[in-house]
1. Calculated from DSSP H runs of 4 or more alone, at -39500 (n - 2.57) each and per residue, what is the 222 nm mean residue ellipticity of the chain, nearest 500?
2. For the stretch 1-158, what is the convex hull volume of its Cα atoms per residue in Å³?
3. Sorting check: for 13-26, 184-197, which peptide has the highest mean count of neighbouring beta carbons within 10 Å, and how do the rest follow?
4. What is the calculated FRET efficiency for LEU374 to GLU157, with r their C-beta to C-beta distance and R₀ = 51 Å, to the nearest 0.05?
5. Could you work out Rg/(2.2 N^0.38 Å) for the stretch 461-536, with Rg from alpha carbons only?
6. Residue by residue through the stretch 160-167, which ³J(HN,Hα) values in whole Hz follow from phi under the Karplus form 6.51 cos²θ - 1.76 cosθ + 1.60 (θ = phi - 60°), with glycine and proline marked x?
7. Helix 227-241 sits at what angle to the longest principal axis of the chain, using alpha carbons and giving 0 to 90 degrees rounded to 10?
8. If you project the alpha carbons of the stretch 124-225 onto the principal axes, what extent comes out on each, in Å, largest first?
Amino acid sequence: MKGVKAIINGLVVLPFLLALSTVFIVSRDLGNGVITSKYFWFYAVMTLVPVASLVAFFCRKRQVTYIRVDRLFLWLTGLMFLPFIFHSFPVFAGFEFNFHYVVFLLLIALYFFTRVLLSQFPVSRYILMVFFIITGLVEAVWGLLQLYGFTDSFHSEFRITGSFSNPGPYAGYLACVVPVTLHYILRGKVVLNKKFRKYFLPFYIRYALSVLTLVGILFILPATQSRASWLGALLGCCWVFFYHYYRQRKQQIKLYASSHKKQIFCYFLVVSLVVVLLFTGMYLMKKDSVNGRFLIWKNGLQLVTQYPFGVGLGHFPEVYGKQQIAYFSSGKGTLQEKTIAGSPEYAFNEYIQLVVELGIIPSFFFFCLLAVLLYEGIKRKKTAEISILISLLVFAGMSYPFRVLPFLIVAILLAASIVSINEKSRSKKNAFVLRTFYAVYIFLIILWNAWYQYPAYQAHGQWKQSKALYSKGLYADVLDQYAAIHSPLYRSGQADFLFEYAQLLSQSGKYEESNTILSEALRISCDPMLYNIMGKNHQALRQYTEAERCFLNAANMVPNRLFPYYLLAKMYQETGEVEKAKVAATLVLTQTPKVYSESIREMREEMQKLVP
């Protein structure tokens, strides 16, 4: 009977492990495959998750208690979709339903399905946590192989990315694994000090995996040079030490503190000095990067006041680009800010970006949800989950984990694990409701995958094939192919594709169509090159006023780039505005670029001819 129970538990938890395995999924056969392949894998897995959850419920039929965290999730979901109900109102006119909302709905469903699983089979919590540690071990080994040249990274500018597209989220993921491994190492000492027992085998396995994973991460994490991940790992570990030492020795520590006040004061001063030196060193390590984030946060906070009802998921780059244009064109930007400015896709602070995209009221419910989860986790002594959550939330304050699917899956599973308990009472009351919900969900998700996601998957594959011809400059050969896959890739939020498609149209002389595609791209990106291409299109159509506006927008968005001024000088030269051409050429010659390159040297040689 125990063997059958173990088999059933293994089968029902398998789809949830596949959801955690999303972090490993990488495809070189899809356009932007490091990122998009993870989404397609997750969509497919979410057809299996409800089946497993349904089987788990009907095997045990234990009561699933409806709690306040569940209510907060539902309230947040309702508030997220209110703008689409009131779309005719001016404040909600900019919202559009995109793939970000679909992913959000799937994650909410994953939370409730995991709640059902853990209430029926509590041992699944152990399996999920151990598998999460295994993902950290695999990622650490993957990064070490990349570091020493045994395998390639997924970014041309970085040696280490793991299965991610960038070392930032890779380091953040490892940072979330560090404190939970430390927790199980400290906790495992209790078992190791006892005589060997066969029924302790799961704890021995977890201990060994934790040691191996922690050692592997400590080898690779410093090489990522991600300060946000280091800080997240450190604070998560601080919570683990607090739980294991302070809470267990609270009385002795209080007694020592009361009788050694001078020593405690000295310790406090030393720790404060170390913290100051640590933060100073982290700042000086990448000074321009930190200052760049300060600029993003300053402009991001301005957006909160401008859009109290939010701008919709995925539209932060659009409004941020406009805000940065307004900021620098007003003359407020300092020389340092102009030098370090960029065109970020993210706010590098999830809390600012969430308020900008969701609006103040939904964000308030989100922060309430976080507070309740932390409270429930501390009250229920879910130290492993809380340590991971602390690392994640600290990392989110300086990076963009909520824009990377594996982090969202981990966060949802953590939330479900924190609030789920071992239900004892059996219930027939929930059976009909759950059966109906599961049936409707499974039907909708299968229909959605077949109708919407399979064509999108094919489109990403076609994009990858067409990219090879595009990179060779065979624009006429791929224009029809890009046109055929435009719709699904636009809905998938692929700004790179839209840029390429607009370039194809521009090279083919279809300037107005190109500008239409560029306008779509500017809804999800703040790349100044979009304005540059749009300006060149207007110039080709002899719409010089519009062309000037586009070039100036590009120049004001990222003032340290010389190309917009070069294009302006060329346009003024074409229209016979000699003085304006000289001013623009002078800027090309005198502005300090962020990165010097051969193309800058060539532009300056050409501009030198315009300036006497």
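1. On the way: 29 runs with 444 residues, N = 612.
Result for the chain: -24000 deg cm²/dmol, rounded to the nearest 500.
2. Details: hull volume 26.9 nm³, N = 158.
For the stretch 1-158, the hull spanned by Cα atoms encloses 170 Å³ per residue.
3. Numbers: 13-26: 20.5, 184-197: 13.0.
In descending order of packing, they fall as 13-26, 184-197.
4. On the way: r = 37 Å, r/R0 = 0.72.
Taking R0 as 51 Å, the efficiency between LEU374 and GLU157 is 0.90.
5. Details: Rg = 11.3 Å, N = 76, 2.2 N^0.38 = 11.4 Å.
So the stretch 461-536 has a normalised radius of gyration of 0.99.
6. Using θ = phi - 60°, the values come out as 10, 9, x, 9, 9, 8, 7, x Hz.
7. Tilt of helix 227-241: around 10 degrees.
8. 51, 25, 20
The values are calculated or read from the model by the stated rules, or taken from the named source; none is laboratory data. This structure is a prediction, so every number in the text was calculated from the model and none was measured. Using ideal geometry, Cβ is built from the backbone for each residue, glycine included, and neighbour counts are taken over all protein chains shown. Surface accessibility is based on the protein's heavy atoms, side chains included, excluding ligands, DNA and RNA. Shrake-Rupley method; radii C 1.70, N 1.55, O 1.52, S 1.80 Å.
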